[in-house]
1. Only helices at least 18 Å long along their axis, Cα-based, and averaging 0.0 or more on Kyte-Doolittle count here, so list those DSSP H runs from the chain.
2. Rounded to whole Å, give me the distance from the Cα center of region 75-95 to that of region 186-222.
3. I'd like the antiparallel share, as a percent to the nearest 5, of DSSP beta bridges with both residues in the chain.
4. Once the chain is represented by equal point scatterers at the alpha-carbon sites, with solvent omitted, what log10 I(q)/I(0) does the Debye formula produce at q = 0.11, 0.18 Å⁻¹?
5. Please give the net charge around ARG173, taking every other residue with its beta carbon less than 12 angstrom from that of ARG173, where Lys and Arg add +1 and Asp and Glu add -1.
6. From the C-alpha gyration tensor of region 1-116, pull out the three semi-axes of the equivalent ellipsoid (sqrt of 5λ each), sorted largest to smallest, in whole Å.
7. In deg cm²/dmol and to the nearest 500, what is the mean residue ellipticity at 222 nm of the chain if only DSSP H runs of at least 4 residues count, each as -39500 (n - 2.57), divided by the residue total?
8. Given contacts defined as C-alpha pairs under 8 Å and at least six residues apart, what's the relative contact order of the chain, whole-number percent?
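Here, each number is a calculation from the coordinates, and none is a lab measurement. All of these numbers come straight from a predicted model, not from anything done at the bench. Cβ atoms come from the backbone with ideal geometry, glycine included; neighbour counts cover every protein chain shown.
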Amino acid sequence: VSGLVVAMDGPSGSGKSSASRGVARALGLRYLDTGAMYRAVTWWMLRRDVDVADAAAVAALAGEPVLALSTDPDAPGITVDGVDVSGPIRGAEVTGSVSAVSAVPEVRTRLVDLQRQIIAESLPGGGIVVEGRDIGTVVAPDAPVKVFLTASAEARAHRRTAELTGTSVEAQRAAMARRDTLDSTRATDPLAKAADAVELDTTPLDLDEVIAEVLRLVKERS
Ligand code: C5P
């Protein structure tokens with residue numbers, strides 16, 4: 001089976017989502033937002049009144065939520081137990097709790113399995129662009145193209161503030177720093193650049209330039 005996997009990792013606000021969708025569109029590939037999966041499980045846990053700080057409680061229920069995703073880069077979306085949660089998973093409540101849930105090994109094992117399944121199913125159709133924190137290191141270590149996106153804390157906070165309403169750059173900077181520290185220091189599959197990933201600092205680049213650079217890497221490496 002031939003098919004391309006493009007791994008796109010990096011911290012929040014590095015421009016991963018827009019760039020990943022743009023690259024998928026340009027190449028006619030599927031698109032998988034693994035962050036949405038961790039967010040959907042978190043939404044489900046909060047809905048069930050699970051204390052997300054209680055790792056044992058989260059682990060015990062990790063197998064319960066049933067996820068279904070669209071991998072269309074023009075219409076990404078996700079349901080849990082049949083409920084469309086594409087909007088609610090972007091809210092402050094889920095964003096504030098997702099790092100605790102994604103640190104639980106039982107949650108990761110289950111979602112990594114599902115991610116590998118989705119990737120395998122995409123290969124006959126040409127392949128997939130996968131964005132997350134551990135794609136190049138854990139989920140798809142054999143991906144021929146691995147990009148690690150970064151941006152200055154300033155640029156990331158500005159971008160995220162522009163996407164949201166009712167928040168300040170300062171509040172965003174603090175919230176993102178907190179989430180990045182949790183994601184980078186957890187014991188299981190932390191946010192990390194794979195040894196063979198190409199680091200791309202998006203601070204001085206606009207979206208089209210980031211997409212063009214990733215497309216150049218794809219041409220070079222696949
Ligand atoms: O990318 P996004 O901000 O939607 O990711 C939400 C959270 O999901 C991250 O802060 C991280 O805790 C978790 N995540 C992860 N592994 C991934 C993708 C996301 O742990 N591959």
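1. Span-like helices, by this rule, are 34-47, 207-221.
2. Between the Cα centres of region 75-95 and region 186-222 lies a distance of 26 Å.
3. The answer is about 25 percent antiparallel.
4. With no solvent term, the Cα-only Debye profile gives -0.51, -1.45.
5. Net of charged neighbours comes to +2.
6. Largest first, region 1-116 gives 25, 15, 14 Å.
7. Using -39500 (n - 2.57) per qualifying helix, the result is -15000 deg cm²/dmol.
8. Worked out over the chain, it gives 34 percent.
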